[in-house]
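Engineer: Shown below is the structure under consideration.
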């Protein structure tokens, strides 16, 4: 696709949580052991009155504040699984709060850790097909609102954040191909059971994650997805300058990298300092990689998202200097 | 040639991942019976088994549900990944 990421910004939730905080609230947790496996040292938690939409707006305002004409935005896609409401869609509220044109289109995508790649494919297709000249792609989640403070499986991993990317037409073929996949047979393994119409109870909505099953899914599926994308692009792994995986946790990424036999220097990691920010994780990693000098203009990046659904997706991007 | 593990090797892999002392892990050990063998520890065991078995364990979904050394060994035996 002749589409590029022109600008990229993110906003972390304001309340940093480290191992000391977890230990103070859960004295029986072996924090060193947990951090040894997750690799995550610091996570960011939204305030009680702060939602994923608020974090997405923060990121978008940073992006728009860097010299982007709001009237120019023709579409808003909001990837989230922590919307303000089941209805209306959060993207419509974002259009209003960001004072974007009413002549623009706006819709949500309900996906988690694969969501940025899916958002790029949909947003890119809107531009490529001539429906829009540009797309504001927002990715934000606040899984912390679905996690009990005593949940040792989920709490040490998930972090709240929002990211905003401006997609626009490019002179060169910069985005794609894509490799996207779904296996809904795993939907019960990462789920908030009473979050919709299927199960209606007054109980608190809580995230359930069968970590072992999700881990086996990632170990089996992600390397196949990467291999399929390389084959589709007629490339070898060595042709890719940087791999940016969804920043799930140390044990997940280390084992994907091991199975793919990738050199460590070609894999960007920032989960240690940010945590697993779900749909925002890949754009945050991209921005951090660029700021760390790991992405030079023209570099070939492979982004790989995977998780809840099960859903997975990978794509290639020819990096352009971003504002 | 397919790598096959012995019971001693499976116990050794699990003990190493958990940082357990000699003799602390046996065929009768289960999740929760050895320090560190919780949901997080189990991921480390699955990863270590996959590494030792040249990537063949990742495709065995049932290993995610195995909750003891014996059940892990039974699953690996059923897939021809353990020595008789």
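Engineer: Which is more than 14 Å from every other protein chain (Cβ to nearest Cβ), under 19 Å from the mean Cα position of the chain (by Cα), closer than 29 Å to residue A:150 by Cβ and in a strand (DSSP E or B), of A:11, A:4?
Structural biologist: Exactly one residue qualifies, and that residue is A:11.
Engineer: Does residue A:41 satisfy the criteria of being more than 14 Å from residue A:156 (Cα to Cα), surrounded by fewer than 18 Cβ atoms within 10 Å (Cβ to Cβ) and in contact (Cβ under 8 Å) with a residue 60 or more places away in the chain?
Structural biologist: When the stated conditions are applied, residue A:41 does not pass them.
Engineer: If you don't mind, another one. In region A:156-205, which residue that is in a loop (DSSP other than H, G, I, E, B) and within 14 Å of another protein chain (Cβ to nearest Cβ) is nearest to residue A:274 (Cα to Cα)?
Structural biologist: Checked region A:156-205; the qualifying residue nearest to residue A:274 (Cα to Cα) is A:157.
Engineer: Are any of the residues in region B:22-43 closer than 20 Å to residue A:153 by Cβ, surrounded by fewer than 15 Cβ atoms within 10 Å (Cβ to Cβ) and touching a strand residue (DSSP E or B) at 6+ places or on another chain (Cβ under 7 Å)?
Structural biologist: Yes, region B:22-43 contains a residue that is closer than 20 Å to residue A:153 by Cβ, surrounded by fewer than 15 Cβ atoms within 10 Å (Cβ to Cβ) and touching a strand residue (DSSP E or B) at 6+ places or on another chain (Cβ under 7 Å).
Engineer: Can residue A:205 be described as over 20 Å from residue B:51 (Cα atoms), in contact with a helix residue (DSSP H, G or I) (Cβ under 6 Å, 6 or more places away or on another chain), surrounded by fewer than 24 Cβ atoms within 10 Å (Cβ to Cβ) and in contact (Cβ under 8 Å) with a residue 24 or more places away in the chain?
Structural biologist: In short, yes.
Engineer: For region B:58-79, how many residues are assigned to a helix (DSSP H, G or I), surrounded by 16 or more Cβ atoms within 10 Å (Cβ to Cβ) and facing chain A (nearest Cβ under 8 Å)?
Structural biologist: 2
Engineer: Here's a follow-up. Sort out which residues of region B:40-57 are outside any helix (DSSP H, G or I) and either within 22 Å of residue A:36 (Cβ to Cβ) or at the interface with chain A (Cβ under 9 Å from one of its Cβ atoms) (or both), and write them in order of number.
Structural biologist: B:55, B:57 - these are the residues of region B:40-57 that are outside any helix (DSSP H, G or I) and either within 22 Å of residue A:36 (Cβ to Cβ) or at the interface with chain A (Cβ under 9 Å from one of its Cβ atoms) (or both).
Engineer: Next question, about the same structure. Applying the selection to region A:35-82, what residues are in contact with a strand residue (DSSP E or B) (Cβ under 8 Å, 6 or more places away or on another chain), assigned to a helix (DSSP H, G or I) and modelled with pLDDT under 95?
Structural biologist: Answer for region A:35-82, where residues must be in contact with a strand residue (DSSP E or B) (Cβ under 8 Å, 6 or more places away or on another chain), assigned to a helix (DSSP H, G or I) and modelled with pLDDT under 95: just A:72.
Yes or no, residue by residue, for (1) assigned to a strand (DSSP E or B); (2) within 13 Å of the chain's Cα centre (by Cα):
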residue	(1), (2)
A:244	yes, yes
A:253	no, no
A:257	no, no
A:273	no, no
A:282	no, yes
A:285	no, yes
A:296	no, no
A:315	yes, no
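Engineer: Then there's this: Confirm whether residue A:223 is closer than 15 Å to residue A:314 by Cα, more than 13 Å from every other protein chain (Cβ to nearest Cβ) and either assigned to a helix (DSSP H, G or I) or in contact (Cβ under 8 Å) with a residue 40 or more places away in the chain (or both).
Structural biologist: Judged against the criteria, residue A:223 is not a match.
Engineer: Since residue B:46 meets every condition but one in (1) more than 20 Å from residue A:223 (Cβ to Cβ); (2) surrounded by 22 or more Cβ atoms within 10 Å (Cβ to Cβ), which condition does it not meet?
Structural biologist: With (1) more than 20 Å from residue A:223 (Cβ to Cβ); (2) surrounded by 22 or more Cβ atoms within 10 Å (Cβ to Cβ) applied to residue B:46, the lone miss is (1).
Engineer: Can you name the number of the only condition in (1) in contact (Cβ under 8 Å) with a residue 60 or more places away in the chain; (2) within 14 Å of chain B (Cβ to nearest Cβ); (3) more than 15 Å from the chain's Cα centre (by Cα) that residue A:153 fails?
Structural biologist: Residue A:153 satisfies every listed condition except (1).
The values are calculated or read from the model by the stated rules, or taken from the named source; none is laboratory data. Worth saying up front: this structure is predicted, and the values here are computed from it rather than measured. We place every Cβ from the backbone using ideal geometry, glycine too, and count neighbours over all the protein chains shown.
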